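The values are calculated or read from the model by the stated rules, or taken from the named source; none is laboratory data. Keep in mind the model is a prediction, meaning the values are calculated, not measured. Every residue, glycine as well, gets a Cβ built from its backbone with ideal geometry; the counts of neighbours run over all protein chains shown. Areas reflect the complete protein model, heavy atoms only, side chains present, ligands, DNA and RNA absent. Shrake-Rupley method; radii C 1.70, N 1.55, O 1.52, S 1.80 Å.
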Amino acid sequence: QVQLVESGGGLVQAGGSLRLSCAASGRTFSSYVLGWFRQAPGKEREFVASISRSGINRSYADSVKGRFTISRDNAKNTMDLQMNSLKPEDTAVYYCAGRSASVLASSVQAYDYWGQGTQVTVSS
């Protein structure tokens, strides 16, 4: 089992950058595929990015491709999301998530563990 805690959210102007971090507890961190999701007010939670257990394979939603970068450090039990060229439509609560399987996934239902979320607000 893994517990996840996000940090790094905040208010930023359009075009700016933020870096989110997800800290995990547990000695088996490297055995989990990890992902970032987000949920805007009145909308369903949606996939942002995922990263394989080794960190080699990554997947992104089309809406963030080329602007966001997911990474992980298995030695430190952390995962990051570097967000550049932010847009007002990126405003949402961002969640980190983990799944026990080895394959990358983009559906909410595929993930077993979730953090509490961190708010990201992009002003125009």
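Figure legend. Inter-residue proximity from the range 54-82: first residues touching a residue at least 60 places away in the same chain (Cβ under 8 Å), second residues in a loop (DSSP other than H, G, I, E, B) and surrounded by 14 or more Cβ atoms within 10 Å (Cβ to Cβ), beta-carbon distance below 7 Å, spacing 6+ or different chains. No pairs are indicated. The residue pairs whose first member lies in the range 90-116 and is farther than 19 Å from residue 21 by Cβ, whose second member is of a type in the set (S, T, N, Q) and buried (at least 22 other Cβ atoms within 10 Å of the Cβ), and whose beta carbons are closer than 7 Å, counting only pairs six or more residues apart or on different chains, are 104/50; 105/50; 106/50.
Within the range 4-53, the only residue that satisfies the criterion of being free of Cβ contacts under 8 Å to residues at least 60 places away in the same chain and of a type in the set (Phe, Trp, Tyr) is 29. Taking the range 112-124 as the range and being assigned to a loop (DSSP other than H, G, I, E, B) and small (Gly, Ala, Ser) as the test, the residues that pass are 115, 117, 124.
The one condition from (1) under 22 Å from residue 119 (Cβ atoms); (2) over 13 Å from the mean Cα position of the chain (by Cα) that residue 55 does not meet is (1). Listed by position, the strands (runs of 3 or more DSSP E) inside the range 1-98 whose residues that are open to solvent by less than 10 Å² (accessible area, probe 1.4 Å) and touching a strand residue (DSSP E or B) at 6+ places or on another chain (Cβ under 6 Å) number at least 2 are 18-25, 33-39, 46-51, 68-73, 78-83. For the range 112-124, the set of residues classified as open to solvent by 10 Å² or more (accessible area, probe 1.4 Å) and under 17 Å from residue 1 (Cβ atoms) consists of 112, 113, 114, 116, listed by residue number. Output the residues belonging to the range 35-94 that are more than 25 Å from residue 11 (Cβ to Cβ) and β-branched (Val, Ile, Thr). Residues satisfying the conditions are 51, 56.
Just to be sure I understand, how many residues within the range 99-111 are of a type in the set (Ser, Thr, Tyr) and either surrounded by 20 or more Cβ atoms within 10 Å (Cβ to Cβ) or part of a strand (DSSP E or B) (or both)? Break it down stepwise before answering.
Here is the first cut: in the range 99-111, the ones of a type in the set (Ser, Thr, Tyr) are 100, 102, 106-107, 111.
When the remaining residues are screened for being either surrounded by 20 or more Cβ atoms within 10 Å (Cβ to Cβ) or part of a strand (DSSP E or B) (or both), the result is 111.
Qualifying residue count, the range 99-111: 1.
Total residues in the range 5-32 satisfying the condition of being over 12 Å from residue 74 (Cβ atoms) and either of a type in the set (Lys, Arg) or at pLDDT 95 or above (or both): the figure is 19.
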